[in-house]
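A quick write-up on the structure given underneath.
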Amino acid sequence: MYFPESDIIVREHQDLQRVATLVDERLSEVFSTAPLRPSDFAYLIGSDANQVASVFDLLAKKGVLQRTEMVECVRCETLMPSTAFHQAVEDEDDFECSHCGRVFSKLSTPITVYRMTARAASRPKPKAPEVDRPATSGEEPLGDRAQLVLIAMLDLGAIDSDTRRSTEEIAVKALGPGADANSLKAVISDLSTRHLIETKQGRTGGCWLSKIGQSRAMKLGDR
Ligand SMILES: [Zn+2]
């Protein structure tokens, strides 16, 4: 185990052993306090979201993660503190997304996300993996959703304009049945800005992986 706290969790909760081990492995690569969503995380490691949430809760008790209630913008997925949201609802004020300005519905339900605590995020970074994986050095890190999208596009065989896929198809492949394509808009546009994917607008439009996007997706799929 990477985090000593994970060893303790596994000893105390043997039913969570497998998930805790996978979570530990994945968290060992996280060095930021960016929000972690149990459902996305579960998909990445191929585990049950409730079990991931249980492990996250245990890690939160041990000071590796912290729990926060947030409300999520339906348009761009920006997370905003739910305390500020509730205050605005109470004051009968509009509560706007800090990123895209969309007004939140008063009925928005807060979601629980986790962040690495400042202490855990500022732990010393291991140097060794850089040497082991020279091909990935110099690449900008990708968020969980961006990784899922790239892998999904590779799985769907979207590798050129002729094999392009709609964002709806990609969303379902990346996030599971019922996934909302709009929720990936920000991710798609970010991947496009980074030239990892190409997009064609319009009714028959779609996305496909660029050459770099393709090799990046293959590397992600290997892990
Ligand atoms: Zn927004």
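The values are calculated or read from the model by the stated rules, or taken from the named source; none is laboratory data. Keep in mind that what you see is a predicted model, and the values were worked out from it rather than measured. Every residue, glycine among them, receives a Cβ derived from its backbone with ideal geometry; neighbour counts consider all protein chains shown.
What to note about this one:
- Residues in segment 77-88 that are over 27 Å from Val30 (Cα atoms) and either in contact with a Ser or Thr (Cβ under 9 Å, 6 or more places away or on another chain) or touching a residue at least 40 places away in the same chain (Cβ under 8 Å) (or both): Phe85 alone.
- Among the conditions (1) surrounded by 15 or more Cβ atoms within 10 Å (Cβ to Cβ); (2) part of a loop (DSSP other than H, G, I, E, B); (3) touching a residue at least 12 places away in the same chain (Cβ under 8 Å), the only one that Met153 does not satisfy is (2).
- Within segment 174-198, tally of residues that are closer than 22 Å to Glu140 by Cβ and without any contact (Cβ under 8 Å) to a residue 24 or more places away in the chain: 4
- Here is the figure for segment 170-208: residues that are under 17 Å from Leu154 (Cβ atoms) and charged (D, E, K, R) total 3.
- Verdict on Ser189 being surrounded by 16 or more Cβ atoms within 10 Å (Cβ to Cβ) and part of a helix (DSSP H, G or I): no
- Taking the conditions (1) small (Gly, Ala, Ser); (2) outside any helix (DSSP H, G or I); (3) within 16 Å of the ligand (Cβ to nearest atom) in turn, Ala84 satisfies each one other than (2).
- Exclusive hit being of a type in the set (Gly, Ala, Ser), at pLDDT below 95, within 16 Å of the ligand (Cβ to nearest atom) and over 26 Å from Ile170 (Cβ atoms), set Ser98, Ser108, Ser137, Ser122: Ser98
- The combined condition, being in the same structural domain as Tyr114 (by TED's automatic domain parsing), in contact (Cβ under 8 Å) with a residue 60 or more places away in the chain and away from the ligand (no atom under 16 Å from the Cβ), is fulfilled by Val64.
Per-residue answers, yes or no, for (1) within 29 Å of Leu150 (Cα to Cα); (2) touching a residue at least 40 places away in the same chain (Cβ under 8 Å):
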| residue | (1), (2) |
| --- | --- |
| Thr33 | yes, yes |
| Gly46 | yes, no |
| Gln51 | yes, no |
| Phe95 | no, no |
| Ser105 | no, no |
| Thr112 | yes, yes |
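- Of the residues making up segment 91-125, those that are hydrophobic (A, V, I, L, M, F, W, C), assigned to a loop (DSSP other than H, G, I, E, B) and over 23 Å from Gly143 (Cα atoms) are Phe95, Phe104, Leu107.
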